[in-house]
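The next block holds one structure in the form of structure tokens; read it before the comments.
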Amino acid sequence: MGDYWEQRFSSEGMIWGKSPSRTAYHALEIFREHHVQSVLVPGSGYGRNTKAFSSIFDVEGLEISTEALAIAEEWDPDSRFIQGSCLEPILPNKTYDAVYCFDVLHLFLAKERKQLIENCLHHLNPSGLVYFTCFSDQDKNYGVGPKIEEGTYEYIEGKYAHFFSEKDLLQHFSQLQILETGSCKEILNYNDHSTKEYNLRYIVGRKIQ
């Protein structure tokens, strides 16, 4: 997967434009209410969403693509960025008040999804918050293409995703105190001026001490 993103960021740059996701601003409000000071953003890409947080919180982005990191360091100099996979515990002694993870979880199969969540919780302070977004089973691509695992489909040739029901999402985060779940439409404005709309689910949880 690392090679895929390296190639995409190399050829397309700021793929999804400059504006953060609306969910980033929703997360920002929740983080403020809970007096968050530090935020980890796994799969931070070129800093599209870290920029929504970095003027308010101490933000660290984790990204596998060196091409994306080169863009991020210029686009969002107020955040710090680390090169590495969100599936590997490369920050052994670092903890944060919150994790914001946008549209990364659905990119993996079941075993890796579990690993991603465990890694994020490992870096979370006691009573820390998580805000995850992922593809919804209400999206038009749910059920399209060959079935890889339960709820996971190769909806584009060579590209698969897991589509979450609310029950499935709650099960993934059963070790947390769930504060909020919901659905929303996400509109991506690509740098070639095309747009794409799809359905997301989000979940907000607190780490149980």
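Cα centroid distance between the range 25-81 and the range 184-200, in Å?
Rounded to whole Å, the Cα centres lie 20 Å apart.
Starting from the alpha-carbon convex hull of the range 5-45, give the projected area averaged over all orientations, in nm².
Result: 3.5 nm².
Treating cross-link reach as a plain straight distance, find the aspartates and glutamates whose alpha-carbon is under 19 Å from the alpha-carbon of K140, omitting any fewer than eight places away in the same chain.
D103, E149, E150, E154, E157, E166, D168, E186, E197
Please check: in the Gaussian network model of the chain (C-alpha springs, under 10 Å), which one of E67, E186, E12 has the largest mean-square fluctuation.
E12
Return the distance in nm (one decimal) between the two label points of a simple spin-label model at S127 and L188, each offset 7 Å from Cα along Cα→Cβ.
3.8
Under 13 Å from a label point 7 Å along Cα→Cβ of L179: give me every residue in the range 110-148 with its amide N that close.
Hits in the range 110-148 for L179 at 13 Å: 125-132.
Given that just one value was derived from the coordinates, which of (i) 31; (ii) 21; (iii) 44 is percent of Cα pairs over 28 Å apart?
Read-out taken from this structure: (ii).
Mind putting together the pair-distance distribution for the range 102-191? All Cα pairs, 5 Å bins, whole percent per bin, short to long.
With 5 Å bins starting at 0, P(r) equals 3, 12, 23, 24, 18, 11, 6, 2, 0.
If eta is 1.306 mPa s and T is 10 °C, what Stokes-Einstein diffusion coefficient results for the range 1-88, Kirkwood Rh from Cα pairs, in µm²/s?
Values: Rh = 13.1 Å.
Result for D is 122 µm²/s.
Among V104, V144, V130, determine the one that fluctuates most according to a GNM of the chain built with springs between C-alpha atoms less than 10 Å apart.
V144
Using only the heavy atoms of the protein chains and a 1.4 Å probe, how would T152, T95 rank by accessible area, largest first?
Working: T152 0, T95 70 Å².
So, going from the largest accessible area down, we get T95, T152.
At a 1.4 Å probe, what is the % contribution of carbon and sulfur to the accessible area of the chain?
Numbers: 4910 of 10100 Å².
Carbon and sulfur: 49 percent of the exposed surface of the chain.
Between E112 and Q209, 0.36 nm times their residue separation minus their Cα-Cα distance comes to what?
Values: separation 97, 0.36 × 97 = 34.92 nm, distance 2.42 nm.
Between E112 and Q209, full extension yields 32.5 nm more.
Averaged per residue, what accessible surface does the chain expose to a 1.4 Å probe, in Å²? Could the numbers behind the result be given before it?
Working: 10100 Å² over 209 residues.
For the chain, the per-residue accessible area is 48 Å².
Using only helices, what value at 222 nm comes out for the chain when you add -39,500 (n - 2.57) per DSSP H run of length 4 or more and divide by the total residues, to the nearest 500 deg cm²/dmol?
Result for the chain: -8000 deg cm²/dmol, rounded to the nearest 500.
What helices does the chain hold that run 20 Å or longer along their axis, going by alpha-carbon atoms, with a Kyte-Doolittle average of 0.0 or more, using DSSP H for the helix calls?
Values: long enough: none.
Helices meeting the span and hydropathy rule in the chain: none at all.
The values are calculated or read from the model by the stated rules, or taken from the named source; none is laboratory data. Please read these numbers as outputs of a predicted model, since none were measured by experiment. Heads up, the Cβs are rebuilt from the backbone with ideal geometry, glycines too, and the neighbour counts pull from every protein chain shown. Just so you know, the surface numbers come from the protein's heavy atoms only, side chains and all, with ligands and any DNA or RNA stripped out. Shrake-Rupley method; radii C 1.70, N 1.55, O 1.52, S 1.80 Å.
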